[in-house]
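Here's the structure, in structure tokens; my notes come after.
The numbers here are math on the coordinates, done by the rules we state, and not lab data. Since the structure is predicted, the reported quantities are computational estimates derived from the model, not experimental observations. Heads up, the Cβs are rebuilt from the backbone with ideal geometry, glycines too, and the neighbour counts pull from every protein chain shown.
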């Protein structure tokens, strides 16, 4: 992605967060970089004083990136794990945007092969098991100091599953990469 597009994305996401926090209304602009018409998954992460304050997104490439950015930025201000972001917090919030590649199923004959198919710092993961699903971005295991097995265990916990559920054959695990754009 071009550097000017990355800068435009950060400015746009900050603008969406500020407008949505203050007025609960945001409109997609008529003019924006052409690259944002491509369907992509994206996550918007908000941090306050270095601590997570919200992280929401759209993992699959179902919308043009401009729409996915808009919806993810709005959702990050209302992450259900935290109180709704207030206008008084805006100047203390740092924004990180992760633009995703399309998730691809990791094919294994035996679940014990999963750890060797994951590259820490490059791959993000999605697990699906029946009605349960969870996602962790590529930067999470790096920030937490996890190896591949810990990454898989925390992915299971994020989905509401037992930490060793990945060792069973009743789940599907996908990997994706992310281009991180941050302030």
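Values for this structure:
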quantity: Relative contact order of the range 3-100, defined on C-alpha pairs under 8 angstrom at six or more residues apart (%); calculated: 34 percent
quantity: Per principal axis, descending, Cα span of the chain in whole Å; calculated: 49, 34, 29
quantity: In nm, spacing of pseudo-spin labels at residue 104 and residue 167 (7 Å Cα→C-beta vector); calculated: 2.8 nm
quantity: Candidates 41, 147, 50, ranked by Gaussian network fluctuation over the chain, Cα under 10 Å, top entry; calculated: 50
quantity: Contact order relative to length of the range 104-177, as percent, for alpha carbon pairs under 8 angstrom and 6 or more apart; calculated: 41 percent
quantity: Angle in degrees between helix 3-23 and the longest Cα principal axis of the chain, rounded to the nearest 10; calculated: 70 degrees
quantity: Estimated D of the range 3-100 in µm² per second, where Rh is the Kirkwood radius over Cα pairs and Stokes-Einstein applies at 4 °C, 1.567 mPa s; calculated: 97 µm²/s
quantity: Within the chain, helix-based [θ] at 222 nm, where runs of 4 or more DSSP H residues each add -39,500 (n - 2.57), nearest 500; calculated: -8500 deg cm²/dmol
quantity: Rough spin-label spacing in nm, given labels placed 7 Å along Cα→Cβ, for residue 62 and residue 122; calculated: 2.9 nm
quantity: Whole-angstrom Cα spans of the range 104-177 along principal axes, big to small; calculated: 28, 24, 19
quantity: Approximate spin-label separation residue 92-residue 48, in nm, with each point projected 7 Å along Cα-to-Cβ; calculated: 0.6 nm
quantity: Cβ-Cβ FRET estimate between residue 112 and residue 177, R0 fixed at 22 Å, reported to 0.05; calculated: 0.40
quantity: Spatial separation of Cα centroids for the range 21-87 and the range 108-183, in angstrom; calculated: 22 Å
